[in-house]
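J.: One structure, pasted below without further comment.
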């Protein structure tokens, strides 16, 4: 059984596994966990380098499959061969997608909020160009030991110019500590070799949520997934890319309705 601090395990019933976004932790799922736990066993996992989890041991060669392998091991330890639902947000959504490609026989359904699977975009896609520029800027700041500038690059891209500057100093310090794993997340996402056509093999019932107000790259990834996942339902929600945290009251009903439809 894995160390408990990296996992929240509540409720009974069919398991629902939750994977959080970059610069977050399992705690982002508190509201959804409270809504699901009367009917489901809800398992939220701290991904590498977030919450109570250790930083990857080989950062220079870190890939998305490393994140997925760790999640797979934790799920196997917790659930053995019990089927489960999987929900992921942003980087957690990209991790959930990649996990599903190899392990969908273990799963009942897949839920995604704007998975940042940037590797699915063509090289000339303007969304990929935007992400390349953000990653280059973050990397340059980290190489110059400008940690706060790198964290500001990331936060302001997803939540709007000036967001980082408007945060309390203790919150800024926390984000500064996490930006090094964020850089590895980008590295993993941009170097993943699977293509959109590969993901056509995922035949699970899938619910994709996205916001029209989110940055172009996530909207483009969502469009690609809509063209390739064969059993997909998609819904627009309010808020922006961080809506599962900032607008949980608008996002969570979609998860609840989707999961209820999957009851066998």
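J.: If the requirement is being touching a residue at least 60 places away in the same chain (Cβ under 8 Å) and surrounded by 14 or more Cβ atoms within 10 Å (Cβ to Cβ), which of these qualifies: 247, 241, 254?
T.: Step by step, each of 247, 241, 254 is checked, and only 241 is touching a residue at least 60 places away in the same chain (Cβ under 8 Å) and surrounded by 14 or more Cβ atoms within 10 Å (Cβ to Cβ).
J.: Going through 21, 100 one at a time, which residue ends up being in a helix (DSSP H, G or I), in contact with a strand residue (DSSP E or B) (Cβ under 8 Å, 6 or more places away or on another chain), closer than 24 Å to residue 183 by Cα and assigned by TED's automatic domain parsing to the domain that holds residue 257?
T.: 100
J.: Still on this structure, please answer the following. Condition check: on the phi < 0 side of the Ramachandran plot, touching a helix residue (DSSP H, G or I) at 6+ places or on another chain (Cβ under 8 Å) and loosely packed, with under 14 Cβ neighbours inside 10 Å. Does residue 55 satisfy that?
T.: So residue 55 fits the description; yes.
J.: Those residues that are touching a helix residue (DSSP H, G or I) at 6+ places or on another chain (Cβ under 6 Å) and surrounded by fewer than 18 Cβ atoms within 10 Å (Cβ to Cβ), I need them from the range 150-189; list them, please.
T.: Correct list: 163, 176.
J.: As an exercise: evaluate residue 228 against (1) within 25 Å of residue 105 (Cα to Cα); (2) touching a helix residue (DSSP H, G or I) at 6+ places or on another chain (Cβ under 8 Å); (3) crowded, with 20+ Cβ neighbours inside 10 Å and give the number of the one condition it does not meet.
T.: (3)
J.: Filter the helices (runs of 4 or more DSSP H) completely within the range 186-264 down to those with at least 2 residues that are assigned by TED's automatic domain parsing to the domain that holds residue 90 and under 17 Å from residue 99 (Cα atoms).
T.: Per the criteria, 216-228.
The values are calculated or read from the model by the stated rules, or taken from the named source; none is laboratory data. Given the structure is predicted, the values throughout are model-derived calculations rather than measurements. Cβ coordinates were reconstructed from backbone atoms using ideal geometry, including for glycine residues, and neighbour counts include every protein chain displayed.
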